[in-house]
Amino acid sequence: LQPRVVDVGEVFSECQSLFGTLLGKGVHTECVLSGEPLNARIDASEFQHALVNLVSNANHAMPGGGRLLLEARPSSCEESAELGGGDYVVVEVSDSGVGMAPEDRERVFEPFFTTRAVGVGTGLGLSSVHGFVKQSGGHISCESEVGRGTTIRLYLPAHSAASSAAPAPASLG
């Protein structure tokens, strides 16, 4: 990773045009960005790849269309087993798709694990997102229920130095 302080909201907004090419017909997308600073010390290119992976997975979970909610907001968290206390930028990707059984949800971040048919996908998308988040000093969680959809949350440690925020790369290339 090549971390630097970036405005997560700016990267998030720039990726929205990419999402249109990934989503099937009938998928209605809503993007919600907080008006507050969303600075984190992360690798902006890897964050873009993480967002694309999450949106692609959500799309596959909604073969007949559905609702996709993308949200980024600041959050202060108490210390827990998963998170150190402090300020985070929370990025949430929620879909109204098929959801996952509890036994699948428990394995969702394992390398090569997939709920898709044999030969469809590699099972590395969420594993790579997990690796990026952990290497960035953050946490990732998954909530899912069969027939009700899935929500993936990325907790990225917030960075207060707004003046040192670097522009995000313009493309995934």
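The values are calculated or read from the model by the stated rules, or taken from the named source; none is laboratory data. A quick note: this is a predicted structure, and the numbers were derived from the prediction, not measured. Methodologically, a virtual Cβ is constructed for each residue, glycine included, from the backbone with ideal geometry; neighbour enumeration extends over all protein chains shown. Note: accessible area is taken over every heavy atom of the protein model, side chains too, but ligands, DNA and RNA are not part of it. Shrake-Rupley method; radii C 1.70, N 1.55, O 1.52, S 1.80 Å.
A few comments on the model shown:
- Lone unmet requirement of (1) open to solvent by 30 Å² or more (accessible area, probe 1.4 Å); (2) modelled with pLDDT of 90 or more for Pro169: (2)
- As a summary of the residue check, Gly99 satisfies the conditions (1) modelled with pLDDT of 90 or more; (2) open to solvent by 50 Å² or more (accessible area, probe 1.4 Å); (3) assigned to a loop (DSSP other than H, G, I, E, B) except for the one numbered (2).
- Unique residue being assigned to a strand (DSSP E or B), open to solvent by 20 Å² or more (accessible area, probe 1.4 Å), under 22 Å from Gly138 (Cα atoms) and at pLDDT below 90 when the list is Ser13, Ser76, Ser80: Ser76
- Take the conditions (1) at pLDDT 85 or above; (2) in contact with a helix residue (DSSP H, G or I) (Cβ under 8 Å, 6 or more places away or on another chain); Ser127 misses just one of them, which is (2).
- Look at segment 22-44: where a residue is under 21 Å from His139 (Cβ atoms) and a partner is in a loop (DSSP other than H, G, I, E, B) and aliphatic (A, V, I, L, M), sitting 6+ places away or on another chain with Cβ atoms under 8 Å, you get Asn39/Ala161; Asn39/Ala165; Ile42/Leu1; Asp43/Leu1; Ala44/Ala168.
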